[in-house]
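Engineer: Got a structure for you, questions after.
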Amino acid sequence: MNMGVFLAFTFCLSNAAFASDRDNIGAVPARLISELNTWLDTETEYREWDNQPLIKLIEAEQADKLHGVADRSGGRIRGLYDAEIETIYLTEPWSPDNPRDVGVLLHELVHHRQKERHWYCEQAQEWRAYQIQAQWLAERNIADGFYWPAILLQSSCAKRDVHPE
Ligand SMILES: [Zn+2]
């Protein structure tokens with residue numbers, strides 16, 4: 001690749017990243033992300049690492065088509081984390097003023113930190129992510145409403161589609 005083409009290409013990429021960062025600032029305030037990261041630093045065993053995740057708001061219909069660990073509540077996907085592209089998706093409506101919505105963002109930030117570790121299966125990350133989310137909500141006197149037996153099952157690496165043989 002000649003240098004001019006390479007530079008033009010790199011410029012486009014960084015411009016795209018810049019544009020989406022700006023989009024995120026409107027919906028997900030940078031200050032909120034940094035507050036949550038500080039809380040995660042003090043309250044959990046997971047450390048922040050160099051790459052910040054990209055955070056995108058998406059419509060509910062889009063959520064079903066995306067790859068990643070999906071987190072549901074009331075039957076709908078509230079948040080998703082795609083470790084391959086280090087992207088957090090939050091399903092609309094999402095508001096920084098709603099602590100439950102913020103709890104979903106916190107949960108996905110945990111998944112981003114968990115990426116640094118080895119996991120037997122992707123689902124195994126869920127147990128701790130939900131625990132951390134519940135702790136954060138409890139500190140704000142909000143009942144998590146989680147059904148723990150279902151989360152335990154969701155966190156299991158056992159195959160779900162059992163073929164009788
Ligand atoms: Zn999760």
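The values are calculated or read from the model by the stated rules, or taken from the named source; none is laboratory data. Small disclaimer: the values here were computed from a predicted structure and weren't measured. Counting neighbours? That spans all protein chains shown, and the Cβs are built from the backbone with ideal geometry, glycine included.
Engineer: Only one of these conditions is not met by residue 39: (1) of a type outside the set (D, E, K, R); (2) part of a helix (DSSP H, G or I); (3) at pLDDT below 95; (4) surrounded by 11 or more Cβ atoms within 10 Å (Cβ to Cβ). Which number is it?
Structural biologist: Only one criterion is unmet by residue 39, namely (3).
Engineer: Can you pull out every residue in the range 102-139 that is surrounded by fewer than 16 Cβ atoms within 10 Å (Cβ to Cβ) and among the aromatic types (Phe, Trp, Tyr)?
Structural biologist: Those that are surrounded by fewer than 16 Cβ atoms within 10 Å (Cβ to Cβ) and among the aromatic types (Phe, Trp, Tyr): 119, 120, 127.
Engineer: Looking at (1) away from the ligand (no atom under 12 Å from the Cβ); (2) more than 19 Å from residue 132 (Cα to Cα), which one does residue 68 not meet, given that it meets all the others?
Structural biologist: Every condition holds for residue 68 apart from (1).
Engineer: Going through the range 77-128 one residue at a time, which ones are under 14 Å from residue 36 (Cβ atoms), of a type in the set (Gly, Ala, Ser) and either in contact with a strand residue (DSSP E or B) (Cβ under 8 Å, 6 or more places away or on another chain) or more than 12 Å from the ligand (Cβ to nearest atom) (or both)?
Structural biologist: Listed by number, the list holds a single entry, 79.
Engineer: Pairs please, first residue from the range 122-150 and under 19 Å from residue 46 (Cβ atoms), second anywhere and surrounded by fewer than 14 Cβ atoms within 10 Å (Cβ to Cβ) and of a type in the set (Phe, Trp, Tyr), Cβ atoms under 7 Å, 6+ apart in sequence or on different chains.
Structural biologist: Filtered contacts from the range 122-150: 125/119.
Engineer: Is it true that residue 140 is in contact with a Leu (Cβ under 7 Å, 6 or more places away or on another chain), modelled with pLDDT of 95 or more and basic (Lys, Arg)?
Structural biologist: Answer is no for this residue.
Engineer: Among 70, 83, 60, which is the only one that is over 22 Å from residue 124 (Cα atoms) and either at pLDDT below 95 or small (Gly, Ala, Ser) (or both)?
Structural biologist: 60
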